[in-house]
Amino acid sequence: MADIDAFVQAEADSLVTELSEWCAIPSISSDPEHSADVRRSAEHLAGLLEAAGLDTEVLAVDGGQPAVYAEWLGAGTDAPTVTVYGHHDVQPADPLDQWTTPPFVPTVRDGCLHARGASDDKGQIHFQVSAVRHLLAADGRLPVNLKFFVEGEEESGSPNIDAFLGEHAERLACDLVMVSDTGMVAEHVPSLVTAMRGLIYLQVDLRTAPADLHSGSFGGAVPNAVAELVALLAGLKDAAGRISIPGWYDDVVDLTDEERANFAALPFDPEEFKAVTGVGALPGEEGFSPLERMSGRPTADVNGIWGGFTGIGSKTIIPAEAHAKVSFRLVADQDPARLEPLFERWVRDRLPEHVEVSVRSFGGVKPALTPLDHPGNRAAARAVARAFGKEPLFNREGGSGPERALSDALGAACVYLGVMLPEDRIHAPNERLLLANYYRGVRAAAYAFEEFATPEVAAALRTPVR
Ligand SMILES: [Zn+2]
């Protein structure tokens with residue numbers, strides 16, 4: 001196979017120059033004033049993919065920002081087809097005065113490229129493109145059939161991805177999705193994400209009377225909406241930190257022994273974590289470590305609560321209404337469509353009949369999980385070990401994204417190859433990309449294509465799992 005190390009060494013500077021040119025485009029998808037920039041970013045990436053030797057197309061998204069599609073399908077029918085997923089849009093850059101160098105003037109400093117999007121996610125797409133460019137130039141072929149799907153509105157919550165995937169599922173179909181939008185635990189602790197959590201977000205509205213009542217004239221004989229809501233929410237978890245809603249854990253896939261051993265091996269210092277977050281304790285579900293609770297277990301959180309009098313001074317009322325926003329992170333195989341009604345039933349069962357209640361949903365995201373022993377994960381781990389000179393650990397991502405939607409629409413599991421670091425300040429001022437990790441990423445991508453194409457892995461990937 002083409003010498004990827006020699007390529008990275010010879011092209012070290014030109015790769016960063018090329019990435020910098022792309023990062024100079026302020027492709028902020030959430031800001032309508034930057035629509036033209038998001039389009040320019042898509043066209044710029046399409047140019048890079050075309051130059052690397054792929055057939056490329058900028059795809060319009062109904063009511064949204066353009067995505068980039070590219071393919072090279074010359075590896076033959078025995079080779080697996082891999083779709084690389086990521087995004088070319090970026091987060092807004094403000095507050096601008098907190099940047100050492102301007103967010104869209106990419107600057108190399110201290111071994112890092114500083115720019116909005118350097119890590120999240122242009123750098124991570126660019127290392128894939130660079131690997132492909134080199135392999136096609138040196139070998140005239142890739143070990144796998146390869147597709148790219150790089151969307152332009154991930155930082156806006158991928159609002160149109162379901163419709164888009166429905167429309168383009170056949171074109172994007174593959175045997176494995178390689179997500180290039182996650183990170184590693186630390187520079188010298190290479191790791192691979194294996195799961196994303198899901199999410200449901202709900203609002204609860206209570207009413208106990210048509211209007212607030214005088215606490216002197218009526219207090220002692222009428223219900224208080226805020227008190228009812230507080231009592232309800234206080235029962236959301238039991239004394240062991242478990243969510244009390246009946247049936248909530250029915251579909252939870254337990255952490256395996258190997259996963260728990262991985263969690264235990266990840267560097268985590270509770271005292272340092274408390275210092276960084278500024279909290280005095282790390283409470284949560286009994287029997288699980290903080291790391292396990294932050295990504296491998298379901299959570300319930302009250303995000304906000306309001307009602308009654310909250311102005312300056314005093315006002316002696318009994319509130320007639322009270323409201324709360326409540327969210328839940330989900331783990332595989334919990335399904336938002338099954339859990340939302342369970343929550344609503346729990347609320348109605350626990351409230352007295354004299355309380356009027358409504359529960360509304362702001363939508364859900366399904367959780368994603370690729371088991372550690374999935375052949376794609378094992379192959380990706382071998383590729384990372386080769387590129388980083390160290391066996392990677394596995395961990396999970398606590399946040400939520402469109403990975404399960406991708407997996408369901410394309411009929412393939414997700415593996416996650418990403419080199420972002422906790423210190424990269426993604427979404428914050430002074431975002432950066434550690435260039436040493438970027439170069440390891442170029443190598444890891446090239447090795448991953450090779451590992452996915454080994455006969456045993458290829459055969460396993462080409463056998464449908466669902
Ligand atoms: Zn991202």
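Please give the peptides 189-202, 345-358 ranked by average Cβ packing (other Cβ atoms within 10 Å per residue), highest first, as a rough proxy for protection. It would help to have the intermediate numbers written out before the result.
Numbers: 189-202: 23.7, 345-358: 14.1.
Ranking, from highest mean packing down: 189-202, 345-358.
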>> From zero outward in steps of 10 Å, how is the percent of C-alpha pairs of region 310-466 spread across the bins?
In response: 8, 24, 26, 18, 12, 8, 4, 0
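Over region 166-324, what per residue volume does the convex hull of the Cα atoms give, in whole Å³? Each step should come with its number before you reach the end.
Working: hull volume 37.8 nm³, N = 159.
That works out to 238 Å³ per residue.
So what's the net charge close to Ala51: Lys and Arg +1, Asp and Glu -1, counting the other residues with Cβ under 10 Å from its Cβ?
Working: positive: Arg133; negative: Glu18, Glu50.
So the surrounding residues net to -1.
In deg cm²/dmol and to the nearest 500, what is the mean residue ellipticity at 222 nm of the chain if only DSSP H runs of at least 4 residues count, each as -39500 (n - 2.57), divided by the residue total? Walk me through the numbers before you get to the answer.
Working: 14 runs with 165 residues, N = 466.
Here the helix-only value at 222 nm equals -11000 deg cm²/dmol.
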> In whole Å, what are the Cα extents of region 1-157 along the three principal axes, biggest one first?
Replying inline: 51, 41, 20
> How many angstrom separate the Cα center of region 346-374 from the Cα center of region 13-29?
Replying inline: 41
> In whole angstrom, how far apart do the alpha carbon centroids of region 304-335 and region 409-456 sit?
Replying inline: 40
> Angle, helix 161-172 long axis vs. longest principal axis of the chain, Cα atoms, 0 to 90°, nearest 10?
Replying inline: 30
> Helix 375-388 sits at what angle to the longest principal axis of the chain, using alpha carbons and giving 0 to 90 degrees rounded to 10?
Replying inline: 70
> If contacts are Cα pairs under 8 angstrom and at least 6 residues apart, what is the relative contact order of region 9-72 in percent?
Replying inline: 23
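Dividing the alpha-carbon radius of gyration of the chain by 2.2 N^0.38 Å (N being the number of residues), what value is obtained? If you can, show how the numbers build up before the last one.
Working: Rg = 24.6 Å, N = 466, 2.2 N^0.38 = 22.7 Å.
Dividing the Cα Rg of the chain by 2.2 N^0.38 Å gives 1.08.
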>> Please report the antiparallel percentage of the DSSP beta bridges confined to the chain, to the nearest 5.
In response: 70
>> Give the separation of the Cα centroids, region 161-179 to region 51-118, in Å.
In response: 17
> Of the peptides 204-216, 169-181, how do they stack up when ordered by the mean number of other Cβ atoms within 10 Å, highest first?
Replying inline: 169-181, 204-216
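What percentage of the solvent-accessible surface of region 15-56, computed with a 1.4 Å probe over protein heavy atoms, is contributed by carbon and sulfur atoms? Can you show the working numbers first?
Details: 830 of 1730 Å².
Percent of accessible area from carbon and sulfur atoms in region 15-56: 48.
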> Using Cα pairs under 8 angstrom and six or more residues apart, how large is the relative contact order of the chain, in percent?
Replying inline: 25
> How long are the three semi-axes of the equivalent ellipsoid for region 89-149, computed from the Cα gyration tensor as the root of 5 times each eigenvalue, in whole Å, largest first?
Replying inline: 31, 13, 6
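For the chain, with every protein chain kept in place, what is the accessible area per residue (1.4 Å probe, Å²)? The partial results should precede the final answer.
Values: 19600 Å² over 466 residues.
Spelled out: the 1.4 Å probe surface of the chain, per residue, equals 42 Å².
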> If region 364-449 were replaced by its equivalent ellipsoid, with semi-axes equal to the square roots of 5 times the Cα gyration tensor eigenvalues, what would those be, largest first, whole Å?
Replying inline: 22, 20, 11
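May I ask you to derive the relative contact order of region 68-197, considering only C-alpha pairs under 8 Å and at least 6 residues apart, and to give it as an integer percent?
On the way: 167 pairs, mean separation 55.7, N = 130.
Value for region 68-197: 43 percent.
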> Using a basic spin-label model with each label point 7 Å from the Cα along Cα→Cβ, how many nm lie between Asp254 and Glu21?
Replying inline: 5.5
> Under 28 Å from the Cα of Lys274, which lysines turn up, not counting those fewer than eight places away in the same chain?
Replying inline: Lys237, Lys325
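Please give me, ordered by residue number, the chymotrypsin sites (Phe, Trp or Tyr not before Pro) of region 263-294 that lie in loop per DSSP and have at most 13 other Cβ atoms within 10 Å. Kindly include the intermediate steps, with their values, before the conclusion.
Details: sites: Phe263, Phe268, Phe273, Phe288; in loops: Phe268, Phe288.
Of the chymotrypsin sites (Phe, Trp or Tyr not before Pro), not one in the loops of region 263-294 has a Cβ with at most 13 other Cβ atoms within 10 Å.
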>> Give the lysines reachable from Lys122 as a straight Cα distance under 22 Å; neighbours fewer than 8 places away on the same chain don't count.
In response: Lys147
> log10 I(q)/I(0), Debye, Cα-only region 105-221, no solvent, q = 0.13, 0.18, 0.21, 0.23 Å⁻¹?
Replying inline: -0.78, -1.31, -1.46, -1.47
>> If I take R0 = 56 Å and measure r between the Cβ atoms of Val222 and Asp97 in this structure, what FRET efficiency does the formula 1/(1 + (r/R0)^6) give, to the nearest 0.05?
In response: 0.60
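The values are calculated or read from the model by the stated rules, or taken from the named source; none is laboratory data. In this text, all values refer to a predicted model and were calculated from it rather than measured experimentally. Counting neighbours? That spans all protein chains shown, and the Cβs are built from the backbone with ideal geometry, glycine included. Note: accessible area is taken over every heavy atom of the protein model, side chains too, but ligands, DNA and RNA are not part of it. Shrake-Rupley method; radii C 1.70, N 1.55, O 1.52, S 1.80 Å.
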